[in-house]
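Structure first, then comments.
The values are calculated or read from the model by the stated rules, or taken from the named source; none is laboratory data. Here the structure is a predicted model, which is why all the values come from computation and not from measurement. Using ideal geometry, Cβ is built from the backbone for each residue, glycine included, and neighbour counts are taken over all protein chains shown. Surface areas here come from the heavy atoms of the whole protein model, side chains and all, with no ligands, DNA or RNA. Shrake-Rupley method; radii C 1.70, N 1.55, O 1.52, S 1.80 Å.
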Amino acid sequence: MGFEQLIIRSYEGQSDRTQVEDLERRCEVGPGERVFLFTDTMGDPICRIRNSPMYKMLVAELDKELVGVIQGSIKVVRVHMHPKDLARVGYILGLRVAPLHRRKGIGSSLVRRLEEWFIANDVDYAYMATEKDNEASVKLFVNKFGYIRFRTPAILVNPVNINRSFHISSNVQIVKLKREQAEFLYRKFMSSIEFFPHDIDNILENHLSLGTWVAFPRGESFGSDGGQVPSSWAMLSVWNSGELFKLRLGKAPLSCLIYTKSSRLIDKYFPCLKLPSLPDFFHPFGFYFMYGVHQEGPLSGKLVRSLCQFVHNMAKNKSKDCKVIVTEVGGKDTLLRHHIPHWKLLSCPEDLWCIKALKREERNSLQELTKTPPTRALFVDPREV
Ligand SMILES: CC(C)(COP(=O)(O)OP(=O)(O)OC[C@H]1O[C@@H](n2cnc3c(N)ncnc32)[C@H](O)[C@@H]1OP(=O)(O)O)[C@@H](O)C(=O)NCCC(=O)NCCS
């Protein structure tokens with residue numbers, strides 16, 4: 001096959017949609033023995049980047065057949081080692097090459113062209129996230145393109161139990177914030193956190209953002225302008241990812257299947273035991289993503305837990321198909337991880353983020369960034385889930 005026929009071009013919604021969705025269905029991501037989730041983009045393959053300030057999707061075409069795809073988005077975030085503390089970053093996601101056309105350099109061509117688009121748009125750093133045992137992806141980015149392993153956040157997943165609402169302690173008060181209050185608090189308390197997005201206002205204003213809630217001990221007051229905060233408090237926002245795309249279990253290890261079946265049977269016949277059961281993941285389902293989780297003060301762990309229970313009840317009562325609640329926390333953020341309810345069976349303890357400086361002058365600062373221990377928290381942008 002003549003390699004010259006490979007064309008890399010921008011995605012065109014009308015003509016490429018069906019082929020891209022078909023390609024996604026044919027590509028399993030990550031090692032074979034793991035749980036594998038299909039992403040159903042419901043007729044809009046570009047939906048995962050559509051809410052970012054700038055985005056691009058490229059396709060690879062070989063003899064009129066669509067054989068590869070990649071997506072990228074650009075935004076400004078807090079990066080401590082950058083001289084101005086703010087940097088333009090390009091996020092790479094959704095790299096897929098059709099199984100029959102792998103190891104022919106198509107994945108590399110797509111990454112190269114996306115990096116060129118980043119460079120043309122003045123991006124300082126490109127970064128991507130992958131499962132740490134996805135050998136093909138890690139070798140491509142780290143060995144071939146010089147990306148550096150950077151952070152290992154944990155993805156925490158908690159199933160929604162449609163038979164159970166959590167009782168929230170009467171000592172805890174939960175209040176929904178106005179959008180302006182939420183922005184004020186985020187900028188005041190989280191803006192120094194790694195990868196904090198400069199356009200947090202755009203995220204909070206987006207129709208997928210269901211709101212921001214704070215929890216604090218009942219009896220204490222929370223300044224209406226967010227200026228005065230109690231001695232202990234916690235905050236989080238919720239993003240309705242299920243409105244963008246659905247997930248469906250493609251393949252699961254036997255242990256997971258047995259567990260799903262037996263836990264549902266137990267729940268059906270012995271409901272009084274109140275054992276948590278796994279929902280049906282084999283049909284497309286939506287999920288809520290909790291972002292901007294923040295805690296302050298000695299009692300804040302309990303407050304984070306109450307907020308998570310509140311979000312669980314909201315998903316159970318208000319959403320037709322939200323079956324899991326997901327969040328992502330910095331790898332070293334063991335405190336937060338401890339307070340956020342999650343199932344180990346469904347969660348991923350170490351997602352791998354890799355980063356690369358695209359400008360010569362950023363290379364030294366990047367060495368510093370990867371050498372320094374990760375700060376306690378990491379802001380995971382819901383637009384990049
Ligand atoms: C990862 C993927 C996109 C690579 O596409 P590709 O077109 O085969 O990649 P390339 O041919 O450009 O390979 C470039 C380099 O990546 C590495 N690589 C690619 N596939 C590999 C594999 N299966 N095992 C080990 N290394 C691999 C090699 O270093 C390779 O260089 P080489 O062929 O000179 O040894 C493809 O395997 C895929 O679609 N996988 C499923 C989806 C996925 O996991 N995407 C990544 C999510 S971040």
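Taking segment 111-160 as the range and being more than 22 Å from residue 9 (Cα to Cα), polar (S, T, N, Q), crowded, with 18+ Cβ neighbours inside 10 Å and within 11 Å of the ligand (Cβ to nearest atom) as the test, only 130 passes.
Taking residue 3, is it at pLDDT below 95, open to solvent by less than 60 Å² (accessible area, probe 1.4 Å) and either away from the ligand (no atom under 15 Å from the Cβ) or not aliphatic (A, V, I, L, M) (or both)? No; evaluated as a whole, the condition is false for this residue.
Going by the conditions given, is residue 97 among the aliphatic types (A, V, I, L, M) and surrounded by 19 or more Cβ atoms within 10 Å (Cβ to Cβ)? It is true that residue 97 is among the aliphatic types (A, V, I, L, M) and surrounded by 19 or more Cβ atoms within 10 Å (Cβ to Cβ). The residues in segment 157-177 that are within 18 Å of residue 325 (Cβ to Cβ) and in contact with a strand residue (DSSP E or B) (Cβ under 6 Å, 6 or more places away or on another chain) can be counted, and the count is 6. Here's a check for you: in segment 88-110, which residue that is farther than 17 Å from residue 147 by Cα and aliphatic (A, V, I, L, M) is farthest from the ligand (Cβ to nearest atom)? Checking each candidate, the answer is 100. Residue count for segment 82-92 under the criterion of being surrounded by fewer than 17 Cβ atoms within 10 Å (Cβ to Cβ) and in contact with a helix residue (DSSP H, G or I) (Cβ under 9 Å, 6 or more places away or on another chain): the result is 1. Residue-level check: of (1) away from the ligand (no atom under 14 Å from the Cβ); (2) crowded, with 20+ Cβ neighbours inside 10 Å, residue 176 misses just (2).
Within the set 243, 194, the sole residue that is open to solvent by 40 Å² or more (accessible area, probe 1.4 Å), closer than 20 Å to residue 327 by Cα, acidic (Asp, Glu) and in contact with a strand residue (DSSP E or B) (Cβ under 8 Å, 6 or more places away or on another chain) turns out to be 243. Kindly check whether there is at least one residue in segment 60-67 that is buried (at least 17 other Cβ atoms within 10 Å of the Cβ), near the ligand (Cβ under 9 Å from one of its atoms) and either within 14 Å of residue 381 (Cβ to Cβ) or modelled with pLDDT of 95 or more (or both). So far as segment 60-67 goes, yes, one or more of its residues are buried (at least 17 other Cβ atoms within 10 Å of the Cβ), near the ligand (Cβ under 9 Å from one of its atoms) and either within 14 Å of residue 381 (Cβ to Cβ) or modelled with pLDDT of 95 or more (or both).
Counting the residues of segment 6-42 that are farther than 24 Å from residue 90 by Cα, at pLDDT 90 or above and surrounded by fewer than 16 Cβ atoms within 10 Å (Cβ to Cβ) gives 3.
Of the residues screened, residue 170 is not one that is within 8 Å of the ligand (Cβ to nearest atom) and in contact (Cβ under 8 Å) with a residue 40 or more places away in the chain.
Going through segment 201-233 one residue at a time, which ones are without any contact (Cβ under 8 Å) to a residue 24 or more places away in the chain and open to solvent by less than 30 Å² (accessible area, probe 1.4 Å)? Listed by number, the list holds a single entry, 223. The residues in segment 173-189 that are in contact with a helix residue (DSSP H, G or I) (Cβ under 8 Å, 6 or more places away or on another chain) and touching a residue at least 40 places away in the same chain (Cβ under 8 Å) can be counted, and the count is 4.
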